Amino acid sequence: MRHRVKNTKFRQGVDANRMMFRKMMLNFLQNAKLTTTHARAKALKSHLERVISKSREKTESNKNYLLQFFPKQIVSEIMFKQVGPAFAKIAGGYVRVIRLNSRVTDGAQISRVEWAHPIVVEWEKSSSASATGGSASGGKATKDKEEKPQAVENKKSKAKTKKTKEEKI
């Protein structure tokens with residue numbers, strides 16, 4: 001008997017479902033809205049409600065709970081600094097699911113997940129790149145990008161020096 005156990009099963013399996021919900025929660029936090037099927041939206045809402053209620057108070061256990069869903073430290077810090085204080089006086093109902101029309105291709109019911117109370121989460125440029133799975137090394141990727149244009153400029157300057165030498169002869 002599965003009394004009081006609310007798990008919606010999707011086709012992909014346990015690991016794929018966990019990863020799907022992680023990605024959906026991160027995308028929702030970054031964009032403040034998300035469009036998906038109605039079954040996934042309902043399941044996502046329950047996950048988000050738990051995560052947001054844990055982010056209202058910064059304790060070690062709440063931090064560990066958030067790290068299960070968001071392995072990047074930056075996301076959990078933003079949850080504690082921006083999302084938690086915004087909902088500190090609200091007891092629940094942080095997210096709402098709005099039904100849209102059916103999808104044309106397969107007829108699935110589409111829904112939009114959005115904040116029930118307006119909230120703006122400010123992501124820094126460097127933190128959003130690392131939160132979405134950018135380079136784990138942080139500053140190394142920007143150094144590489146900066147070095148490549150310099151290397152191209154050096155090749156151009158070498159080509160110019162060859163032309164000037166040929167012109168002199």
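The values are calculated or read from the model by the stated rules, or taken from the named source; none is laboratory data. The model shown is predicted, which means the values in this text are computed figures rather than measured ones. FYI the Cβ positions are ideal-geometry reconstructions off the backbone, even for glycines, and counts take in every protein chain you see.
A few points about this structure:
- Counting only helices (runs of 4 or more DSSP H) that sit completely within region 58-169, those holding 3 or more residues that are at pLDDT 65 or above correspond to 60-69, 73-78.
- Residue 16 in contact with an Asp or Glu (Cβ under 8 Å, 6 or more places away or on another chain) and either exposed (fewer than 13 other Cβ atoms within 10 Å of the Cβ) or assigned by TED's automatic domain parsing to the domain that holds residue 110 (or both): no
- Candidates 7, 27 - the one that is free of Cβ contacts under 8 Å to residues at least 12 places away in the same chain and within 14 Å of the chain's Cα centre (by Cα): 27
- Tally, over region 27-44, of residues that are crowded, with 18+ Cβ neighbours inside 10 Å and either touching a His at 6+ places or on another chain (Cβ under 8 Å) or not aromatic (Phe, Trp, Tyr) (or both): 7
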